[in-house]
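The structure under discussion appears below in the form of structure tokens.
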Amino acid sequence: MAYQALYNKYRPQTFEEVVGQKSIVTTLRNAIREDKIAHAYLFCGPRGTGKTTMARLFSKALDCKKGIGCQCLECESCKAIAKGDHPDVIEIDAASNSTVDSVRQLIDNVSYQPIMSRYKVYIIDEVHNMSNSAFNALLKTLEEPPSFVVFILCTTEPQKIIPTILSRVQRFDFSKVRKEDLVSNMKRVLDSEKVAYEEEALTALASLSDGGVRDSLSLLDQLVSYADEKITLEDVDNLFGLLSLKDELHLVSLIQERKTDECLHLVREKYEGGMDILRLHDDLITIFKDLAIYQATKDESLLVKLDGASCQSLARPLSILRQNIDALLKARREYRHSESLLGNLELCLLALTDETPMAIVPNVVVPSQTVPAEARKPEEKKDRLATKPVEIKTEGKEFTTKAIERKETEEKIVYTLDDIVNLMNQAIERKEREELSARWKDFSNHLADEDGYEAKALLSAKLRLAALDILVVTTKSLSDLDLFLEKKEQKVFHRLTKQVLGKEYDVLAIKEGEFKEAVDRFRSQAEKTKTACHIDFGEKTEKTPSTQFFEDLMA
């Protein structure tokens, strides 16, 4: 006997065997039981979700010899429908019968009585392929067929069907099948075939099949032929060119650390080993989406590929994650126009690891000797006001450097190089700074709580100086730098520094190159004077709604 594909061999023969679509099964059963059988149905939904199978099962329930609603699988009618040679159940492929002439021939045969059953059922598959003239020819018959005729139209693209047809049918929308149901169905098949398996492998197959039962069994058929004695997750990765979740998380970590060369080497190595680039790209979108969802909600039940621990270890500010997702989605659309899939992925990785942050506010650095004295009035030691636009005059030129121009930058911390030099003049003794540095590692105790990412950013930063209740740190991570520049994050840093260092501090993070430049300027000063520092770290306490309301009125 010729080999039968698993999706054909294990095609449901009764309503009870249908995977998913329980609401549709219930509705059709109730319609038969209450004798409310419509003259035309439309089954629409993604491929492989059971539309044609459901049409055949409905035909069995209508024509079973043991009574309407039954599916005995033993009578002549049930067996003939299962084999596909029942004279009263006519399956038509609209892709190859889309013309007016084909429809007219169908209409001529509709009026003939059933040969061996109660109902004559017409199953028209891929009905969206019919031409408009063919649809129009079918209209009258579809609206008022003989009482013994039932039409079942199946399609994956209901939007292509003309409205006059849609208004004459009962529509059932088939949904993608849940992963749990797909895994359960594959287990049943493998148990029947006496094939050993790892459940992780079946879960990976369910993800690949994208909610399609037929796709899941087709992939499973390939895997059974490929595997030796037992189906494993490694077999799935090797056969379908997938990266393991461990490798994908490693790649995400390299992206976040902006290690471009290592990203490209890893991708090229895996590509030479047969990696499927499109599937990797889709997985990266899912991973970054999971990270964004967890960062916004802290709800582990909403995650698709990751768990809470993975999200915490790869946490980044929501603004950075959104930029990553935007870059990935933009690159995903480019594959259809790209001659090299690998080249397109590499360009995407270059964008993701670009050293220039996409939404960071540039620091305004103003040489001290060019700033007029009247522009920087002395302040009390503890006063720290927002840096204001400074007029800089040079020979033959006159221009203004603005610290804040766009509304969205109002929530960013802006500083000048002079501010750093002024803080150096105010800095505490070296011994006290060393005491703070000794406690710095204690930020690791807060990595698992809701302030985990901020604690991680502090832990990886290097304390440079402390003055006026401000800690100046340097960091090599541009994503951390973007986080430190958010005014709203200072409330978290206040809480963390109070718990670890015993006192609330504002935290100012700068690049190491800027700090070195400030040190050089500090050393070159003829006289060390304690000058006020103009940095706005934002409100230390949240405004009440009423206060904010009146401030908005005055804006």
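The values are calculated or read from the model by the stated rules, or taken from the named source; none is laboratory data. In this text, all values refer to a predicted model and were calculated from it rather than measured experimentally. Note that we place each Cβ from the backbone using ideal geometry, even for glycine, and neighbour counts take in every protein chain shown. Ligands, DNA and RNA are stripped out before the accessible areas are found, and what is left, the full protein with its side chains, is counted by its heavy atoms. Shrake-Rupley method; radii C 1.70, N 1.55, O 1.52, S 1.80 Å.
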Query raised in the report: Reachable aspartates and glutamates from Lys9, Cα under 16 Å, same-chain residues fewer than 8 places away excluded?
Result: Glu17, Asp191, Glu193, Asp215, Asp221
Report task. Please turn the phi angles of the range 217-222 into ³J(HN,Hα) values with the Karplus equation 6.51 cos²θ - 1.76 cosθ + 1.60 (θ = phi - 60°), one per residue in order, whole Hz, x for glycine and proline. Result -> 6, 5, 5, 5, 4, 4
**Report entry** Counted charge near Asn30, where neighbours are those whose Cβ lies closer than 15 Å (Asp, Glu -1; Lys, Arg +1)
**Finding:** +2
Query - Area accessible to solvent at Asp469, 1.4 Å probe radius, in Å² - result: 40 Å²
Query raised in the report: Just the accessible area per residue of the range 411-481, please: how many Å² with a 1.4 Å probe?
Result: 41 Å²
Query raised in the report: Dipole magnitude of the range 81-165 about its Cα centre, charges +1 at Lys/Arg Cβ and -1 at Asp/Glu Cβ only, in debye to the nearest 20?
Result: 180 debye
**Report entry** Loop GluC sites (Glu not before Pro), the range 409-486, which have at most 12 other Cβ atoms in a 10 Å radius of their Cβ (DSSP)
**Finding:** Glu429, Glu450
Report summary line: Of the accessible area of the range 211-254, computed with a 1.4 Å probe and all protein chains kept, carbon and sulfur make up a percent value of 46 percent
Report summary line: Any trypsin sites (Lys or Arg not before Pro) in the range 34-87 that lie in a DSSP loop and have at most 15 other Cβ atoms within 10 Å would be Lys36, Arg47, Lys65, Lys66
Query - Heavy-atom accessible area per residue - the range 106-148, 1.4 Å, Å² - result: 48 Å²
Requested in this report: Could you please state, rounded to a whole Å, how far the C-alpha centre of the range 210-287 is from the C-alpha centre of the range 1-31?
Outcome: 31 Å
Query raised in the report: Pairs Lys462/Lys503; Lys160/Lys305; Lys83/Lys187; Lys51/Lys246; Lys246/Lys456; Lys22/Lys330: which are spaced more than 27 Å apart, C-alpha to C-alpha?
Result: Lys160/Lys305; Lys51/Lys246; Lys22/Lys330
Report summary line: Most packed first (mean Cβ within 10 Å per residue), the peptides 300-308, 493-501 order as 493-501, 300-308
Query raised in the report: Tell me, what HN-Hα J-couplings in whole Hz come from the Karplus equation 6.51 cos²θ - 1.76 cosθ + 1.60 at θ = phi - 60° for each residue of the range 198-211, using x for Gly and Pro?
Result: 9, 5, 4, 5, 5, 4, 5, 5, 4, 5, 5, 6, 6, x
Report summary line: Calc'd 3J(HN,Hα), the range 156-166, phi into Karplus 6.51 cos²θ - 1.76 cosθ + 1.60 (θ = phi - 60°), Hz, glycine/Pro = x, comes to 9, 9, x, 5, 8, 8, 5, x, 5, 6, 4
Requested in this report: Can you figure out the FRET efficiency of Glu143 with Asp261, using R₀ = 60 Å and their beta-carbon distance, to the nearest 0.05?
Outcome: 0.35
